[in-house]
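Visitor: Here it is: the structure, laid out below.
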Amino acid sequence: MPRPHVARLGRLAVLALPSVIVLGATGITTGVAAAVQEQSIRASVVEQVSGVASSLAALPEVQDAVGSVVDAGSPDALADADDLAGATAALQPIASLVEDAAGVSYVVVTDDEGVRITHPDPAERGEVVETTVEPVLAGEEFVGTETGPSGPTLRAKVPIVDDAGDVVGIVAVGVLESTIAADRERALGELLPWSMGALLVATLASVLLSVAIA
């Protein structure tokens with residue numbers, strides 16, 4: 001015959017097993033939900049920055065202002081903030097308005113050498129973009145995370161094309177990774193109470209059921 005303490009341990013294990021199963025299942029479900037939520041947030045940001053950048057690059061006002069300074073600099077003698085002042089005066093109000101309205105971290109417009117015409121920080125205007133520009137100046141769009149003056153950002157870069165089909169500049173729109181992380185934490189904070197509530201209810205139900213069966 002089994003010893004009494006062994007029998008008690010066996011019964012406790014049987015009683016605890018449903019709770020362990022529920023705990024594991026809830027943990028896995030919460031982890032999967034959090035991962036799906038993060039992917040959804042990032043996909044939404046990609047759509048957001050890509051849409052804003054493409055819309056701005058297609059605006060006649062942006063194309064005209066950038067096109068007006070296409071001869072202000074060359075690869076051997078880049079334009080500076082003074083050379084681009086007229087375009088900056090025309091485009092910075094638009095960039096700032098879009099930043100506020102679209103909820104993005106920055107809108108940067110550059111000339112055809114990648115020199116910034118607009119930037120939230122005035123000190124960065126007239127400076128060369130440090131990140132990927134060559135493929136965009138060749139006509140390709142870019143989406144990815146890079147680190148610039150504002151920090152790591154998920155950004156989209158779209159070429160600005162004139163009526164002749166020539167690339168005259170770039171529109172770059174980004175959202176800080178820290179902002180994305182804050183959105184993820186906020187979403188996770190909203191998810192956890194439901195997960196904990198479901199875990200508590202399921203655990204109590206499984207324990208009561210086990211006790212009743214025992």
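Any read-out appearing in this document is the output of simple, stated calculations on the displayed coordinates, not a laboratory observation. Computed from a predicted structure; not experimentally measured. Every residue, glycine as well, gets a Cβ built from its backbone with ideal geometry; the counts of neighbours run over all protein chains shown.
Visitor: According to a simple spin-label model (label point 7 Å from Cα along Cα-to-Cβ), what is the distance in nm between S44 and T145?
Guide: Between T145 and S44, the simple spin-label model gives 1.8 nm.
Visitor: Still on this structure, I have one more. Could you go through region 127-132 in sequence order and give the Karplus-derived ³J(HN,Hα) for each residue, using 6.51 cos²θ - 1.76 cosθ + 1.60 with θ = phi - 60°, rounded to whole Hz, and x for Gly and Pro?
Guide: 9, 7, 5, 8, 9, 4
Visitor: Mind checking the full-extension length gain between A89 and D71? Use 0.36 nm per residue of separation minus the Cα-Cα distance, one decimal, nm. Spell out each step's value before the answer.
Guide: Numbers: separation 18, 0.36 × 18 = 6.48 nm, distance 1.75 nm.
Between A89 and D71, full extension yields an extra 4.7 nm.
Visitor: Answer rounded, prolate or oblate for region 97-145, using the Cα gyration tensor with square roots of eigenvalues a ≥ b ≥ c: rounded when a/c is under 1.5, else prolate when a/b is larger than b/c, else oblate.
Guide: Since a/c reaches 1.5 but b/c is at least a/b, the shape of region 97-145 is classed as oblate.
Visitor: Still on this structure, please answer the following. Which residues' amide hydrogens lie under 5 Å from the amide hydrogen of I160, considering only partners 5 or more residues apart or on another chain, with H built in the peptide plane?
Guide: Sorted by chain and number, the residues that satisfy this are V168, G169, I170, V171.
Visitor: Please list, in order along region 102-114, the HN-Hα scalar couplings obtained from phi with the Karplus expression 6.51 cos²θ - 1.76 cosθ + 1.60 (θ = phi - 60°), rounded to whole Hz, x for Gly and Pro.
Guide: 8, x, 9, 6, 7, 10, 10, 10, 10, 7, 7, 10, x
Visitor: Nearest 0.05, what FRET efficiency do A101 and D64 give at R0 = 25 Å with Cβ-Cβ as r?
Guide: Numbers: r = 21 Å, r/R0 = 0.85.
About 0.75, to the nearest 0.05.
Visitor: With θ taken as phi - 60° and the coefficients 6.51, -1.76 and 1.60, list the Karplus ³J(HN,Hα) couplings across region 89-96 in order, rounded to whole Hz; mark glycine and proline as x.
Guide: 4, 7, 9, 4, x, 5, 4, 5
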